[in-house]
1. Name the residues in the range 65-104 that are open to solvent by 60 Å² or more (accessible area, probe 1.4 Å), more than 14 Å from Leu32 (Cβ to Cβ) and not hydroxyl-bearing (Ser, Thr, Tyr), would you?
Amino acid sequence: NEDKYLYLFNPTSNELFTEQTLTVTGGKAHALSFNTNGSGTVKMIEMNGAAPKTYNYLLTDKLAWSQENFTEIISADCTSVSVRFSVINQSLMVSDVQLEDKTFATGYIHNDSLVQTKVRENSIITYPSRDNIRGERGSLVMWFKPSITYSPGSTLNPVLFEYGKD
């Protein structure tokens with residue numbers, strides 16, 4: 001969140017960076033998402049395989065916190081990537097970084113572990129037929145088991161289903 005973030009400040013022409021190597025499943029799409037404020041570069045670098053690739057994203061003039069999402073298909077023989085944030089003559093703040101093995105980024109999944117991955121299980125269902133579901137007809141059936149304790153007097157308003165363009 002905005003209270004816990006990575007802050008890179010570099011007034012020189014040398015590259016200042018931080019990076020972390022992550023295990024991936026080759027041949028699949030991966031979505032990299034994060035919040036950012038400032039200017040800099042993020043790279044996703046394939047660390048192994050026959051012909052490792054580097055994916056570069058330029059982050060420019062973010063004057064307020066904004067969400068960024070990038071999706072790339074990792075080479076089939078790649079098993080690890082490095083995610084690198086860097087600055088030259090700039091400053092950059094980054095938070096809520098996550099890499100998911102899917103074609104779209106989801107909301108940030110909090111994880112206190114520095115070595116274990118965390119996966120959101122069965123929380124989002126995206127029907128693969130945009131504009132073919134009409135709100136005035138049809139039905140939806142779901143079985144769910146919330147992992148929260150909800151009290152009717154609580155200020156918590158759990159959302160079980162949302163419908164709309166966004």
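1. Those that are open to solvent by 60 Å² or more (accessible area, probe 1.4 Å), more than 14 Å from Leu32 (Cβ to Cβ) and not hydroxyl-bearing (Ser, Thr, Tyr): Trp65, Ala76, Asp77, Ile88, Asn89, Gln90.
Residue by residue, here is whether (1) at pLDDT below 90; (2) out of contact with any Leu (no Cβ under 7 Å at 6 or more places or on another chain); (3) open to solvent by less than 70 Å² (accessible area, probe 1.4 Å) holds:
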residue	(1), (2), (3)
Thr18	no, no, yes
Thr21	no, yes, no
His30	no, no, yes
Phe34	no, yes, yes
Thr41	no, no, yes
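The values are calculated or read from the model by the stated rules, or taken from the named source; none is laboratory data. Note that the structure is a prediction, hence the values are computed from the model and not measured. Cβ sites come from the backbone with ideal geometry, for glycine too, and all protein chains shown count toward neighbours. Keep in mind that these areas ignore ligands, DNA and RNA; they rest on the heavy atoms of the full protein, side chains included. Shrake-Rupley method; radii C 1.70, N 1.55, O 1.52, S 1.80 Å.
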